[in-house]
Structures are given as C-alpha cells and as structure tokens.
1. List, please: which pairs have Cβ atoms under 8 Å, are six or more places apart or on different chains, and start with a residue in the range 1-27 that is in a loop (DSSP other than H, G, I, E, B) and end with one that is among the hydroxyl-bearing types (S, T, Y) and crowded, with 16+ Cβ neighbours inside 10 Å?
2. When both residues are 6+ apart or on different chains and their Cβ atoms are under 9 Å apart, which pairs have a first residue that lies in the range 206-221 and is touching a residue at least 12 places away in the same chain (Cβ under 8 Å), and a second that is in a strand (DSSP E or B) and exposed (fewer than 13 other Cβ atoms within 10 Å of the Cβ)?
3. How many residues are out of contact with any Gly (no Cβ under 9 Å at 6 or more places or on another chain) and in a strand (DSSP E or B) if we restrict to the range 92-148?
4. Consider the range 1-27. How many of its residues are at pLDDT below 95, small (G, A, S) and surrounded by 16 or more Cβ atoms within 10 Å (Cβ to Cβ)?
5. Working only within the range 188-231, note down all residues that are within 27 Å of V158 (Cα to Cα) and polar (S, T, N, Q).
6. Find the residue count for the range 1-27, including only residues that are hydroxyl-bearing (S, T, Y) and either under 20 Å from the mean Cα position of the chain (by Cα) or within 17 Å of K98 (Cβ to Cβ) (or both).
Amino acid sequence: MSGKQVKLFLVDGTPGGMTTAEITNWTGHVLAGPRSDLAQVLAREETRRTGVYLLLGDGDALGEGQCYIGEADDVAARLRSHEKNKDFWDRVVVITSKDTNLTKAHVRYLEASLIQLATTAKRTTLENATAPPLPNLPEADASDMDYFIGQLQIVLPVLGINAFRTRKAAAAPQAPDPEESPTFHLRVPKHGIDARAAEIDGEFTLLAGSTVVAVWKRVGGTEKVQRIYSRHRDHFDKLVQEGAIVVGGTTATVARDVVFPSSSAAGAIVTGRSCNGRTEWRTEGGLTFGAWETRGVDDPSPGIDHIT
C-alpha cells in the first residue's frame, strides 16, 4: 500500500483554529477554519481566488451534520454574503489551487462532482437547493479535475470532513490482501437476523442486504443502560426514516452500506440490544473482529528489536 504525505499547518498554532492542508506534488490547497475566525479567513490571499467552498454545521446529535457546497470567482465575496443569509454553519472550508489555474468551468465541475459524491455517500444533510449537472469540459481537463477530487477525498477526512467518503468500487479479482478486512457476520437465527459487515477505509461498515431486528423491546436496568438503549433506538429510527433500513414484518433489511463509529454500535443496531462487537462479529471461519483487529500484535515481525 503506497503512502501519502499530507501537510497540515496550524495557522495560529491551535488545533481549533485555521488550518491549511496540502499533498506533496498536488496543486490543490485547502483552508479550513471556524466561523469565529471568518474575518481572518477572508483576509487571506487564497480566498480571493476562484474556488469551491464548504459551509459545515453540526446538525443533530445523531446525524452527520449539514453541508452547503458552492463555487465562486472570488470566494471571499461569496462568503461575506453567506455570513448574512445562512445561519446553520459553524465551519468553513475553502478549496483552491496553488498555481491559480482553476477556471470558472473547473470549479463548476468540482462543485457538481462534490454534490454528487455527498449525495451518494449520504453522510451529511445537503443544504443545496439544486444539484447542477456536470458541465462539459475538454477530456484532459475533466481527467485533471477527477484527479483533483481524488486528492480531496484524501485530504478532507484528515481534517475531520467525511461528507464525501464513499466505498471504493470493487477491484478485479486478485490474491487476498492480509491487511484488507474480511467479511464479518452477526447472526441470530431465531429473530431472522443475518448481518454482514467489514472495515472499509478504516470505518466499520454494515453492508447492504443485511437483515436486522425490526422490533425493539423495552429494557430495564440502570438509568445509564436505558439512556444508551434510547440513543441506539433513536439512531435506528433515523436510519429507517432515511431509507437506509427498510422494515418489513419481523425483520428489516439494510438498503445501503451504513458506517458506524464502532463494531459495537453497529451490533446494537443489528440486534436491538447492547453488543460487544469485538466478540460478536465473526468471520465464517470463526475469527472475531477483535482478534482480526489485533492480528500480529502477539507475533512481532522478525528482525525488530524489542525492549525487555
């Protein structure tokens, strides 16, 4: 697996302030900052270029937040207008090019592509009223912009922005990669539960086609237990409302891949109860997710000196 060097610079020396991000040998430049630093963001030279910008908000407790995607010849001027007419956002991201070669046609292509990616990923509530079609670009320019977007999909998650993370298309059949996640199963036959999941790009992902619990029973226990149960139940209801889970009779079907913060959170949605995902998710051969996570930890590679 080839590595990538992402360069982050904390402009004011604090993790919550303005940050710039770049990849070696990539012409793109990303500037992110909180709304409270908007004046400093607007004062920077790169915001006066042609570019794309993201306005990000936290959303509700269960969602992946809110996002507005826009483009402008002068990003700073457009952001000044949004300061007055959009209230939901608390973070801004400005995407430009270090070589200033992005044209109006380029950024319209980027804007339309990012809206399509966010719609596909379903990780955020898009605040855009419309989804513009991809504009026509010369073949070489379209190829350059697709590469540009590919690099953005690496840089933005490093900044904590996951709105555009989508599952990679399946590659041609090849020898298994020991670092690649196998498929894990969680089955409860008497309740019709048969779920599949895998760790994809570092995230625990419940796979489309899984069957999960449809009827959640009340639980007793401590106030903490009931609070955790209620949070999982609310998450389940939200997934049903979004169409990610389709309820039919005594079971429900997962309609699309759904990302979870942990294997246990995914297991709770699958079973309708507390779940230790590290032990309950297993491969067909019986390997637990926890054992797969810690593979190689107790079997150090030869040639490495160890402190005793």
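1. V11/T19; V11/T20; T27/S97
2. A214/G248
3. 1
4. 0
5. Of everything in the range 188-231, just one residue is within 27 Å of V158 (Cα to Cα) and polar (S, T, N, Q), namely T205.
6. So the count comes out to 4.
The values are calculated or read from the model by the stated rules, or taken from the named source; none is laboratory data. All of these numbers come straight from a predicted model, not from anything done at the bench. Because the Cβ atoms are built from the backbone with ideal geometry, glycine has one as well, and the counts that use them run over all protein chains shown.
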